[in-house]
Amino acid sequence: MNILMVCTANFCRSPMAAGIARFLLKAAGRADVRVDSAATHAYCLGKAAGFHLTFSLLERARRARFSDGR
């Protein structure tokens, strides 16, 4: 199963939601679920997630692709 968290810039909300989901899924033993995050706009592509998201600092912003829905 794949879960994609999407927000406008993929800088704060979607990386945070993806990090929380990964944490909860790991705690539930759900290694079969892949979680990613993406943006609807190209405001912050390639930039690190917001500094206040310490658990997501290694994430890089990316734009959502049509293939994400498959």
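Some observations on this one:
- The packing ranking, built from the mean of other Cβ atoms within 10 Å per residue, places the peptides 20-29, 1-10 in the order 1-10, 20-29, highest first.
- Where a label projected 7 Å from the Cα of R65 along Cα→Cβ would reach, residues of region 1-44 with amide N under 13 Å: 37-39
- Y43-N2 FRET efficiency (beta carbon distance; Förster radius 25 Å; 0.05 resolution): 0.55
Only the coordinates and a few stated rules stand behind these numbers; no lab work does. Since this is a predicted model, take the numbers as computed values, not measurements. In this analysis, Cβ positions are derived from the backbone assuming ideal geometry, glycine residues included, and neighbour counts consider all displayed protein chains.
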